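What follows is calculated from the coordinates using simple rules that are stated; it is not laboratory data. Keep in mind that this is a model prediction, so the values were computed, not measured. Cβ: placed from backbone, ideal geometry, glycine included. Neighbour counts: every protein chain shown.
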Amino acid sequence: MVYVDGFVLPVPKKNLPAYQRMAQKAGRIWQEYGALEYRECVGDDLDVKMGRSFPLQLKLKRGETVIFSWIVYKSRAHRDQVNAKVMKDPRMTSMDPKGMPFDLKRMVYGGFKTLVDLAKMSAPGRGSQRPARQPKRNGHPEMTEAQPAAQ
């Protein structure tokens with residue numbers, strides 16, 4: 001079963017565009033070195049009535065929101081190999097921790113073994129060994145291969 005690194009962190013809402021740019025850059029690097037999935041999600045429905053909410057647990061300050069992220073790997077050994085390469089990549093080592101659009105000290109992080117995996121077998125990037133089904137095109141030009149630009 002797959003292995004997952006999970007992250008939860010508070011980010012000032014005003015820093016979301018900078019965070020998104022940083023996350024897109026980082027995600028491409030992780031995938032380049034073999035990560036199966038890279039997801040960054042921003043809080044939307046955080047006013048929950050059951051359990052302890054993310055804002056309460058993270059002690060969100062005014063103007064902050066929650067980022068919930070995960071990276072999927074083939075195994076823990078694969079994660080260790082990918083992360084070793086990522087951490088040596090000059091695109092990552094050149095990032096200044098002081099210039100991050102969030103407070104690293106408030107980030108929560110950990111590696112997780114899969115307990116249950118109910119991902120659809122045809123879903124791309126979900127740890128499946130089978131390729132995803134190709135969608136029916138039904139003659140829609142926007143769903144076919146890229147066409148050369150009109151001149």
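Counting charges near G34 (Lys, Arg +1; Asp, Glu -1) among other residues having Cβ under 15 Å from its Cβ returns a value of +1. Full extension of the chain between V42 and F7 gives 11.4 nm of extra length, using 0.36 nm per residue less the Cα-Cα distance. Net charge of the neighbourhood of S53, taken over other residues with C-beta under 12 Å away and scored Lys/Arg +1, Asp/Glu -1, is +1. For L115, L58, the sequence from fewest to most other C-beta atoms within 10 Å is L115, L58. Neighbour counts of other Cβ atoms within 10 Å put F102, F112, F7 in the fewest-to-most order F112, F7, F102.
For the stretch 1-130, with only Lys/Arg (+1) and Asp/Glu (-1) charged at the beta-carbon, what is the dipole magnitude about the Cα centre, in debye rounded to 20? Spell out each step's value before the answer.
Working: 24 positive and 13 negative charges, 27 e Å.
Dipole of the stretch 1-130, to the nearest 20 debye: 140 debye.
Which links in K13/K88; K13/K85; K85/K113 stretch past 26 Å when you go from one Cα to the other? Violating the 26 Å limit, Cα to Cα: K13/K88; K13/K85. Distance between the modelled labels on R91 and K59, one decimal in nanometres: 3.6 nm (7 Å Cα→Cβ projection).
Karplus-based coupling profile of the stretch 113-118, in residue order and whole Hz: 7, 6, 9, 9, 9, 10, with θ = phi - 60° in 6.51 cos²θ - 1.76 cosθ + 1.60 and x standing for Gly or Pro.
Trypsin sites (Lys or Arg not before Pro), restricted to the stretch 24-104: which are DSSP loop and have at most 15 other Cβ atoms within 10 Å?
Values: sites: K25, R28, R39, K49, R52, K59, K61, R62, K74, R76, R79, K85, K88, R91, K98; in loops: K49, R52, K59, K61, R62, K74.
Within the stretch 24-104, the qualifying trypsin sites (Lys or Arg not before Pro) (loop, at most 15 other Cβ atoms within 10 Å) are K49, R52, K59, K61, R62.
The residues D117, D45, when put in order of fewest to most other Cβ atoms within 10 Å, stand as D45, D117. With K and R counted +1 and D and E -1, the other residues having a Cβ less than 14 Å from that of D89 yield a net charge of +4.
The label point for R76 and the one for K49, both projected 7 Å from the Cα toward the Cβ, are 4.0 nm apart.
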